[in-house]
Amino acid sequence: MSFLFDQSYYQVGKNGVSPFQNMHFHLCAYLGGSAIQTVGDNPVTAYRQLAKDLEGNTVSPKAAQAEANAAFKKNPLSASLSGLWPRLIGVLLKRVPKFGFLLGYSHFVGEGTPGFAAATCASICSAPFINPVRLVEKQQRAYFKQTGTSKPVMEILRESAAKNFAPLFRGTIPLMGHSLASAMLGLVGQPRLQKYVQKQVGATGALSGTATNLVASAVVSPIYVFVTNPLSRLEVIMQTNSLKGNSISTVAALKELSTDMAKFGLAGIFRGQGIGIAKAIVSLTLFHEGRIFITNQFKQHNLKKLEP
């Protein structure tokens with residue numbers, strides 16, 4: 001920790017930021033990008049309604065889509081905003097641990113730009129912090145679909161408290177896999193792909209930085225959705241079950257997933273794939289555009305100070 005007392009740690013370099021700022025500004029930029037992404041993609045996230053009700057009945061993909069359409073037609077604004085406040089609060093509660101581990105690992109091992117090892121560390125270590133917020137989001141949407149109103153957060157917490165808050169950690173194992181895929185493809189893979197696209201195409205002036213960001217997101221998103229959709233389904237099965245009832249184990253969730261696939265084929269396990277890809281493209285693009293914009297603002301502020 002002696003580097004904290006080294007003056008060079010706080011000196012602004014040629015890249016426009018000091019090592020200290022590189023760590024903390026990146027964290028702020030990542031959080032800001034996440035907030036922009038959360039507001040922008042919430043209607044799409046809300047539309048991906050649950051494919052399983054709170055009584056534990058698995059419904060067909062067509063029936064789930066019909067229920068989502070009915071909820072949006074009845075009250076489109078409330079449906080689009082459902083779960084938004086927990087998600088915005090979750091930007092802090094979920095992203096601070098994840099980005100903290102991601103950027104912290106990168107800094108201490110001298111990676112500079114976060115790599116796959118940092119993504120693995122962040123995914124595993126941050127899962128216990130992230131899972132309770134994701135469970136609250138899913139519980140709210142599950143009750144919105146049934147009643148037309150979101151379930152109060154305090155009611156969810158009271159039901160969890162009755163079981164020593166153990167329900168808040170349902171679905172942590174699938175979340176680790178989901179988070180790992182998200183970090184490797186979205187936080188590490190997408191920026192590297194964008195740089196490659198920018199080098200090959202963007203340098204000619206044919207595509208702007210935003211366009212190359214969109215291209216990279218469009219390439220990564222189908223892979224991301226294909227990998228994470230089954231994991232998301234496991235989370236849904238384990239986290240939308242009534243908190244007053246018994247928990248569903250990972251093994252039991254896998255059995256239910258196989259039953260779903262036996263009933264409805266691949267559509268059962270990959271339900272919502274199309275809207276999932278659209279959401280991933282929107283989310284990734286908004287996140288990285290917001291992150292890059294905020295980072296550039298920090299750099300411009302520092303460079304003005306360096307001007308004679």
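The values are calculated or read from the model by the stated rules, or taken from the named source; none is laboratory data. The model shown is predicted, which means the values in this text are computed figures rather than measured ones. Ideal geometry is used to build each Cβ from the backbone, glycine not excepted, and the neighbour counts take in all protein chains shown.
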With the first residue restricted to region 124-148 and required to be free of Cβ contacts under 8 Å to residues at least 40 places away in the same chain, and the second required to be hydrophobic (A, V, I, L, M, F, W, C) and surrounded by 21 or more Cβ atoms within 10 Å (Cβ to Cβ), Cβ contacts under 7 Å at 6 or more apart or on different chains are Cys125/Phe101; Pro132/Leu168
On the basis of being of a type in the set (A, V, I, L, M, F, W, C), at pLDDT 85 or above and crowded, with 24+ Cβ neighbours inside 10 Å, does Leu180 make the cut?
no
